[in-house]
Amino acid sequence: MRGEQNPGSNSEIDAFIDGLRGKQKEVLDQVQTFLRKPNKTGDEVALGIYLDTVLKSEVYGVNPFVKPGDQEAQEERNFIAFIATEYVAEKWLLAHADSEAAKEIAERSIFASSEAQRTLLHEVWESFLPKPCVELGDE
């Protein structure tokens, strides 16, 4: 069931991540559209930053903080992503107290393990993304 950590779900999470990788352009376009949406709530801003950060760093292997030639901007992006990621994990825990991934991320934020990052992404994917979201089912 979505939102609950299943200790034996690594293959399900791997398949989910593979699905995201197979639709990289669609997924990143959708996140960018979500980030540009006017009149977002604070929760939506944090979610958009979290999704952008974890998708780029944990799914697509891209450093989400790089802005060539601007170390200060990189540090600011890192700090904002740290706060947003921690916030999303803490909000998730309010409704899903059994999520081990969210517990780790609430404590370590962007420095949590890749396994925790991917697991939480899997847990929140359908619950938080605006509809219609990119479907990852078989083609």
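The values are calculated or read from the model by the stated rules, or taken from the named source; none is laboratory data. Owing to the predicted nature of the structure, the values given are computational and were not obtained by experimental measurement. No Cβ is skipped: glycine too gets one built from the backbone with ideal geometry, and neighbour counts run over all protein chains shown.
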| Which is surrounded by fewer than 16 Cβ atoms within 10 Å (Cβ to Cβ), touching a residue at least 40 places away in the same chain (Cβ under 8 Å) and more than 20 Å from Ser113 (Cα to Cα), of Glu75, Glu26? | Glu26
| Restricting attention to region 95-110, which residues are surrounded by fewer than 18 Cβ atoms within 10 Å (Cβ to Cβ), modelled with pLDDT of 95 or more and part of a helix (DSSP H, G or I)? | Glu100, Glu107, Arg108
| request: State all residues of region 73-88 that are out of contact with any Phe, Trp or Tyr (no Cβ under 8 Å at 6 or more places or on another chain) and either among the aliphatic types (A, V, I, L, M) or part of a loop (DSSP other than H, G, I, E, B) (or both); if no residue qualifies, say none. | output: Ala73, Ile80, Ile83
| remark: Across region 113-131, the tally of residues that are modelled with pLDDT of 90 or more and buried (at least 18 other Cβ atoms within 10 Å of the Cβ) stands at 9
| request: Give the number of residues within region 17-72 that are more than 16 Å from Ile83 (Cβ to Cβ), in a helix (DSSP H, G or I) and not polar (S, T, N, Q). | output: 19
